[in-house]
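Beneath this line is the structure, given in structure tokens, with notes to follow.
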Amino acid sequence: MTDVRRALVVGGSRGFGARLVNRLSENGWAVTATGRRPRSDTSLVDRVDYEQIDLAADTAVRDLLEFLRSLRPRLVVFNAAAYPTAEPDLAECEVVFRVNALVPHHVFADYLPGAECTCVLINSDSIYHANRTSGVYAASKAALRVLTSALADRCRGSRACAATLLLGPLADERKAKQFERIAQQRQMTPEEVEKAFLRRANPSYVVDSLIDLEACVRTVEYLVDLGTQANGMLCRLDGGSAGSLL
Ligand SMILES: NC(=O)c1ccc[n+]([C@@H]2O[C@H](COP(=O)([O-])OP(=O)(O)OC[C@H]3O[C@@H](n4cnc5c(N)ncnc54)[C@H](OP(=O)(O)O)[C@@H]3O)[C@@H](O)[C@H]2O)c1
């Protein structure tokens, strides 16, 4: 009998999540992705399963828990993120915290201790340099970071583990298109725009290029290879965003 390696990527319908789903599938995992959009709006390969689950819905905790219990994945990556508008009202802030921090905490606090599962919660270097536009998002990710430590404590002595993969600015399609447009307007190369973006975005960055999605995929696989040794681990692939002190 073959031991099927089953993975679930929550927020796997686009961006880094979709890339991770397709790469895990190529690497032999039986993968299920979730998102809000219909499957026809994704670029997921045919052999991947897909489920529409809205993490902002009242039923989100129940829906995701039921889904996890039926799937029993060896790896779960919580990649979903809600990005607020520039001036979010209180109701929007609540949704952002719910999707980014509270729903994953409630679901995994219930699910993980009885499971054999590595749970990687994707975080963001925005927690190190919040400003007026990123503050609500950054605060929700900081909450997720702290709650992931609480999850790791719940996993102690079990066959599950909770680890953080904290990422810096990703080399995604959106930024590539944006840099090309700016490069054309300013008669620069996209690489020059990328370097200028990184220098301006955070003076602590020690990288000249955005974080490669393939490096993120490899880091997720590294974390799952570590098994329960990765419980409580904070793995940063963020270009040195926090500077020298943290
Ligand atoms: N992009 C970056 O430069 C960057 C930098 C640092 C850290 N990160 C972190 O990396 C992860 C991926 O970022 P990304 O930019 O690739 O994200 P993205 O392209 O915006 O994708 C986010 C995913 O979350 C899902 N999602 C959003 N709201 C949801 C909801 N209410 N219910 C269910 N699913 C929902 C989306 O599904 P639908 O689109 O189908 O709704 C999508 O699959 C995030 O955790 C982010 O915080 C990203």
query = Can you find a residue in the range 19-30 that is at pLDDT below 95 and not β-branched (Val, Ile, Thr)?
reply = no
ask   = Looking at (1) touching a Ser or Thr at 6+ places or on another chain (Cβ under 7 Å); (2) touching a residue at least 40 places away in the same chain (Cβ under 8 Å); (3) of a type outside the set (A, V, I, L, M), can you tell me which one PRO88 breaks?
value = (1)
inquiry  = Out of everything in the range 65-82 that is of a type in the set (A, V, I, L, M, F, W, C) and closer than 22 Å to LEU167 by Cβ, what residue ends up being most open to solvent (accessible area, probe 1.4 Å)?
reply    = ALA81
query = On the given criteria, is PRO104 closer than 18 Å to LEU151 by Cα, within 11 Å of the ligand (Cβ to nearest atom) and touching a residue at least 12 places away in the same chain (Cβ under 8 Å)?
reply = yes
ask   = For the range 42-60, what are the residues that are among the β-branched types (Val, Ile, Thr) and buried (at least 19 other Cβ atoms within 10 Å of the Cβ)?
value = THR42, VAL48
ask   = Do we find a residue being open to solvent by less than 60 Å² (accessible area, probe 1.4 Å) and in a loop (DSSP other than H, G, I, E, B) anywhere in the range 91-101?
value = no
key: the range 1-31: number of residues that are without any contact (Cβ under 8 Å) to a residue 60 or more places away in the chain, of a type in the set (Val, Ile, Thr) and not in a loop (DSSP other than H, G, I, E, B)   = 2
request  = Just need a number here: residues in the range 10-38 that are in contact with a helix residue (DSSP H, G or I) (Cβ under 6 Å, 6 or more places away or on another chain), aliphatic (A, V, I, L, M) and more than 8 Å from the ligand (Cβ to nearest atom).
outcome  = 2
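The values are calculated or read from the model by the stated rules, or taken from the named source; none is laboratory data. Since the structure is predicted, the reported quantities are computational estimates derived from the model, not experimental observations. Heads up, the Cβs are rebuilt from the backbone with ideal geometry, glycines too, and the neighbour counts pull from every protein chain shown. Ligands, DNA and RNA are excluded from the accessible area calculation, which covers all protein heavy atoms including side chains. Shrake-Rupley method; radii C 1.70, N 1.55, O 1.52, S 1.80 Å.
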